[in-house]
Amino acid sequence: MKGLYRFSILHLALFIGALILSNMWLFLGLSFAAGLLPRLRVNFFYYLLLAVLAFVIALFIQPIPQFVNESIGSIMGLESISLWLVIAVVSTLTMTLLAKAANALLLIIRPIKAPEQMLGEEAEDFVE
């Protein structure tokens with residue numbers, strides 16, 4: 001399990017970079033790359049927790065201007081629902097689903113060896 005904690009900082013950095021860079025292709029690519037890095041079976045809620053944390057950090061680094069929030073809120077007609085909430089839900093779910101899909105594809109292409117087949121330190125880092 002300690003191998004997963006080593007990658008959590010890297011996943012968080014990829015998610016923050018995906019949110020800050022303001023490019024759709026980089027957003028999709030970096031979110032997908034977060035699922036490719038460890039060849040471990042990772043839970044959906046791990047990626048969701050990191051995506052929410054990355055969104056909160058990204059809002060402090062690069063906030064959305066207030067006039068954009070008000071103008072889009074008046075266009076959409078969602079006076080009671082904040083634009084921040086809509087963007088947060090869509091962004092975090094997109095990042096989470098892309099990372100989980102990449103992780104599942106990685107495990108299909110290159111499955112994890114059983115602990116009996118591993119040698120030395122690899123057997124200690126095995127996560128079920």
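Among the residues of the range 19-34 satisfying the criterion of being buried (at least 20 other Cβ atoms within 10 Å of the Cβ) and not hydroxyl-bearing (Ser, Thr, Tyr), which is farthest from Asn103 (Cα to Cα)? Top of the filtered list is Leu19.
Only one entry in Val42, Val127, Val86 is at pLDDT below 90, among the hydrophobic types (A, V, I, L, M, F, W, C) and more than 17 Å from Leu10 (Cβ to Cβ), namely Val86. Close contacts from the range 1-28, counting a first residue that is polar (S, T, N, Q) and a second that is at pLDDT below 85, with Cβ to Cβ under 9 Å and a gap of 6+ residues or different chains, come to Ser22/Gln62. In the range 96-111, the residues that are under 23 Å from Ala18 (Cα atoms) and of a type in the set (Gly, Ala, Ser) form Cβ pairs under 6 Å with partners that are open to solvent by 30 Å² or more (accessible area, probe 1.4 Å) and part of a helix (DSSP H, G or I), at six or more places apart or across chains, as follows: Ala102/Phe32; Ala102/Leu36. Just one of the listed residues (Leu37, Leu78, Leu107, Leu59) is closer than 18 Å to Arg6 by Cα, surrounded by 12 or more Cβ atoms within 10 Å (Cβ to Cβ), modelled with pLDDT under 90 and over 11 Å from the mean Cα position of the chain (by Cα), namely Leu37. Scanning the range 62-71 for residues that are part of a helix (DSSP H, G or I) and surrounded by 12 or more Cβ atoms within 10 Å (Cβ to Cβ) turns up Asn69, Ser71.
The values are calculated or read from the model by the stated rules, or taken from the named source; none is laboratory data. Everything quoted here is computed from the prediction, not taken from an experiment. Methodologically, a virtual Cβ is constructed for each residue, glycine included, from the backbone with ideal geometry; neighbour enumeration extends over all protein chains shown. Areas reflect the complete protein model, heavy atoms only, side chains present, ligands, DNA and RNA absent. Shrake-Rupley method; radii C 1.70, N 1.55, O 1.52, S 1.80 Å.
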